[in-house]
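Input: a single structure, listed below in structure tokens.
The values are calculated or read from the model by the stated rules, or taken from the named source; none is laboratory data. Keep in mind that this is a model prediction, so the values were computed, not measured. Backbone-built Cβ (ideal geometry, glycine too); neighbour counts: all protein chains shown. For accessibility, only protein heavy atoms count, side chains too; no ligands or nucleic acids. Shrake-Rupley method; radii C 1.70, N 1.55, O 1.52, S 1.80 Å.
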Amino acid sequence: MLGSVGHSKQSSADYNWSGRKRGRAEFSLFQYTLGGRGQLRVGNKDYAVTPSSAMLLHFPDSNQYWLPSDSQEWDFLYICLHGREVSRLWRNIEHSLGPITTLAPTSSSVQCAAKIVCAALSNKIKDAFSASALAYELMMALSVDSGQSHLNTQPQPVLEQVRHYAEQHLAKPLSVAELAQQAGMSRYHFTRLFSAHTGLPPAAWLSEQRIKEAARLLRITTIPLKEIAARCGFPNANYLSRVFRKHTGIPPAAYRRSGA
């Protein structure tokens with residue numbers, strides 16, 4: 001799925017993002033420089049981000065990017081992406097291209113990114129299905145440009161069955177061992193394949209699904225938090241509140257009032 005999308009020209013020294021201070025939710029960033037210059041630090045290594053450079057970053061992680069004091073402006077397109085399929089493919093692409101790479105304006109990735117930004121700015125992305133299709137198109141373009149087009153993008157049927165089983169039984173105290181049993185695998189083998197397939201370990205994926213279902217119920221119903229907790233597999237409303245706030249940054253009641 002697409003997250004934030006846009007075109008930005010930064011000229012303030014206050015422009016500074018840290019990959020450790022952007023929340024706990026996992027997402028990926030494609031940021032393509034059109035003009036000016038930025039600075040990127042990944043771990044202990046610094047990079048100058050110049051025109052035709054694309055940053056390929058994931059969060060949370062040990063990275064930081066900013067407008068350096070000797071640069072007057074940084075002009076770029078940016079696209080944030082999130083979701084299991086993105087997580088599954090992104091690290092392969094990033095491993096191949098690195099956190100920063102040079103892409104010609106005519107490359108499939110840049111052309112696709114420009115199309116997405118133009119569509120977003122002209123309000124032509126009308127629904128989640130269109131946003132998801134565009135996100136997937138960008139991932140495939142990056143796969144081609146990174147030489148990773150051979151990656152298997154088809155989910156393994158047995159893992160899809162397990163995912164469906166878990167999504168239908170979130171109210172139960174599901175364990176990784178039970179999911180492995182549903183897949184007919186050892187816990188170790190199941191965890192390895194599931195993590196590679198979804199980009200998350202099984203326990204973290206389960207927690208993510210429970211939070212998403214809780215958020216959905218908060219948006220579309222008025223049922224008490226205690227009942228939402230029971231439906232989503234949390235032992236009580238207080239525990240749900242703590243986990244929900246940890247993942248989203250706001251408590252459930254505030255999320256419901258916001259109409260987000």
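Brief remarks follow.
- Taking 0.36 nm per residue of separation and subtracting the Cα-Cα distance, full extension of the segment from Arg245 to Ala48 would add 67.3 nm.
- Counting Cα-Cα pairs of segment 100-149 in 5 Å increments starting at 0 gives whole-percent bin shares of 5, 22, 27, 23, 14, 8, 2.
- Binned Cα-Cα distance frequencies in segment 160-208 - 10 Å width, integer %: 28, 65, 7
- Helix 187-198 axis versus longest C-alpha principal axis of the chain: approximately 50°, rounded to the nearest ten.
- Cα shape, segment 19-75, gyration tensor, a/c 1.5 rule: prolate
- Sites Ala25 and Thr106, calculated FRET efficiency, Cβ-Cβ separation with R0 25 Å, nearest 0.05: 0.15
- Solvent-accessible surface ranking, highest first, for Met139, Met185 at 1.4 angstrom: Met185, Met139
- Sequence-separation-based contact order of the chain, relative, with Cα cut under 8 Å and 6+ spacing, percent: 18
- Per residue, the Cα convex hull of segment 1-113 amounts to 100 Å³.
- Projected over every direction and averaged, the convex hull enclosing the alpha-carbon atoms of the chain yields 15.2 nm².
- In the chain, helices alone account for a calculated mean residue ellipticity at 222 nm of -15000 deg cm²/dmol, with every DSSP H run of four or more residues adding -39,500 (n - 2.57).
- Spherically averaged projected area of segment 64-138 from its Cα convex hull (nm²): 6.5
- For Val86, solvent-accessible area (1.4 Å; no DNA, RNA or ligand), Å²: 10
- Inter-site label distance for Ala230 and Ala128 at 7 Å from Cα along Cβ, in nm: 2.6
- Rolling a 1.4 Å probe over the protein chains gives Ile223 an accessible area of about 30 Å².
- The percentage of C-alpha pairs in segment 108-237 whose separation is greater than 17 Å is 68%.
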